[in-house]
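*Asks:* The structure follows.
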Ligand SMILES: C[S@@+](CC[C@H](N)C(=O)[O-])C[C@H]1O[C@@H](n2cnc3c(N)ncnc32)[C@H](O)[C@@H]1O
């Protein structure tokens, strides 16, 4: 696991500046308009509800665009990520937008320890986070430990059924990878990242894992959480199956043929038992 995390960290450290400089993460719009929110958080709004005044923790916050968006909705934010280069970009963006956000460098698996006595009303995680973690149980243990009694987890993620598909297949939905959590990682070697950039990555090898929906829910229940909402969506914010998807005006991608065939993402909410 340590080797996997070191490989993944090197990859994310290299991506951070490219992401901040690309139009996709909309850094310029955040700086120019104090009302600007990320597309991801804008999608979450109807389910997030009023978060004003909440102590909120964003796990795997990357360059902080979603973190800043949540802060703009009135919560007091802490962002946590293991990539120092991502946090450098996140701190720079928060400062440019005059938003007070604490950013902490740590692995999710050490989050409860790294954040000391601090406990939160809201733990938020979204889109492309859980696939970097080998064991969902260790994630759920940290989430539960970081919440106040009655505190809420808000998770929006790529659907594990989608993550089991062959993304290089352009004319059908073909299962290629494990749906369930597997001890062995999926090993990728990809010099590209998902934003518009000419640059290529030298730290190109990454390790990822899938986690079934039942495994995620069971882990949360095991660690003293109660499931309060689960909604599967026919859309997600990136072109996960190139050649089979179209972009909507809401910034979300859907299958262009019979989108009802496949869940692409889900929103899960759970509350820590009192
Ligand atoms: C795709 S981003 C997810 C955040 C968000 N959706 C975004 O695009 O800004 C994935 C983030 O997870 C972080 N990450 C991966 N594994 C981690 C770990 N074990 N502990 C903490 N952060 C981790 C990476 O550094 C990266 O910033």
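Computed from the coordinates by the stated procedures, all read-outs in this text should not be read as laboratory data. Only a predicted model underlies this, so the values are computations on that prediction, with no experimental measurement involved. So basically every Cβ, Gly included, is an ideal-geometry build from the backbone, and we count neighbours across all protein chains shown.
*Asks:* If R₀ is 22 angstrom, what is the calculated FRET efficiency for the pair residue 274 and residue 229, using the beta carbon separation as r and rounding to 0.05?
*Replies:* Details: r = 18 Å, r/R0 = 0.82.
Once the sixth-power term is evaluated, E becomes 0.75.
*Asks:* Determine the shape class of the chain: with a ≥ b ≥ c the square roots of the Cα gyration tensor eigenvalues, call it rounded for a/c under 1.5, and otherwise prolate if a/b is greater than b/c, oblate otherwise.
*Replies:* On the way: a/c = 1.28, a/b = 1.12, b/c = 1.14.
Verdict is rounded for the chain.
*Asks:* What is region 138-243 by shape, rounded, prolate or oblate, if you read a ≥ b ≥ c off the alpha carbon gyration tensor as root eigenvalues and call it rounded for a/c under 1.5, prolate for a/b larger than b/c, and oblate otherwise?
*Replies:* Taking the square roots of the gyration eigenvalues as a ≥ b ≥ c, region 138-243 is prolate.
*Asks:* Ordered by packing density, taken as the mean number of other Cβ atoms within 10 Å over each peptide's residues, highest first, how do 204-212, 241-249, 150-158 rank?
*Replies:* 150-158, 204-212, 241-249
*Asks:* Considering Cα pairs under 8 angstrom that are at least six residues apart, work out the relative contact order of the chain and quote it in whole percent.
*Replies:* Values: 557 pairs, mean separation 51.8, N = 274.
The normalised contact order for the chain reaches 19 percent.
*Asks:* Among 8-17, 53-62, 256-265, 229-238, how do they line up by average Cβ neighbours within 10 Å per residue, starting with the highest?
*Replies:* Packing order, densest peptide first, comes out as 53-62, 8-17, 229-238, 256-265.
*Asks:* Related question: Could you work out the pair-distance distribution P(r) of region 230-274 from its alpha-carbon pairs, with 10 angstrom bin width and percents rounded to whole numbers?
*Replies:* Reading upward from the zero bin: 28, 46, 15, 9, 2.
*Asks:* Could you list 76, 222 in order of exposure, starting from the residue whose Cβ has the fewest other Cβ atoms within 10 Å?
*Replies:* Fewest to most other Cβ atoms nearby, the residues stand as 222, 76.
*Asks:* Can I ask one more? I'd like the FRET efficiency for residue 84 and residue 249, computed as 1/(1 + (r/R0)^6) with the beta carbon distance as r and R0 of 30 Å, rounded to 0.05. Before the final figure, lay out each step's value.
*Replies:* Numbers: r = 36 Å, r/R0 = 1.21.
Plugging the Cβ-Cβ distance into 1/(1 + (r/R0)^6) gives 0.25.
*Asks:* Students often get this wrong: which residues of region 243-274 have the backbone nitrogen under 13 Å from the point 7 angstrom along Cα-to-C-beta of residue 170?
*Replies:* The answer is 243-245.
*Asks:* Taking every DSSP beta bridge that has both residues in region 2-247, what percent is antiparallel when rounded to the nearest 5? Spell out each step's value before the answer.
*Replies:* On the way: 5 of 23 bridges.
Rounded to the nearest five, the antiparallel share is 20 percent.
*Asks:* Also, quick follow-up: I want to verify the translational diffusion coefficient of region 1-66 in µm²/s; compute it with Stokes-Einstein, Rh as the Kirkwood radius over Cα pairs, at 4 °C and 1.567 mPa s.
*Replies:* 92 µm²/s
*Asks:* Which Rg and Dmax, in Å, describe the Cα atoms of region 181-274?
*Replies:* 17.0, 50
*Asks:* Next question, about the same structure. Quick check: residue separation of residue 113 and residue 33 times 0.36 nm, minus the Cα distance between them. What number comes out in nm?
*Replies:* 25.2 nm
*Asks:* For region 110-194, compute the orientation-averaged projected area of the C-alpha convex hull (one quarter of its surface), in nm².
*Replies:* 7.3 nm²
*Asks:* Sticking with this one: Evaluate the relative contact order of region 28-123 (contact order divided by residue number), counting alpha-carbon pairs under 8 angstrom at least 6 apart; express in whole percent.
*Replies:* Values: 156 pairs, mean separation 28.0, N = 96.
Over region 28-123, the number comes to 29 percent.
*Asks:* Just to be sure I understand the model, the point goes 7 Å from the Cα along the line to the Cβ. What's the resulting residue 256 to residue 145 distance in nm?
*Replies:* With each label placed 7 Å out from Cα toward Cβ, I get 4.8 nm.
*Asks:* In addition: Cut-off is 10 Å between beta-carbons; in what order do 216, 63 appear when sorted fewest neighbours first?
*Replies:* Listing 216, 63 from fewest to most nearby Cβ atoms yields 216, 63.
*Asks:* Another one. Would region 1-127 count as rounded, prolate or oblate if I go by the C-alpha gyration tensor, calling it rounded below 1.5 in a/c and otherwise prolate when a/b exceeds b/c, oblate otherwise?
*Replies:* Here region 1-127 falls in the oblate category.
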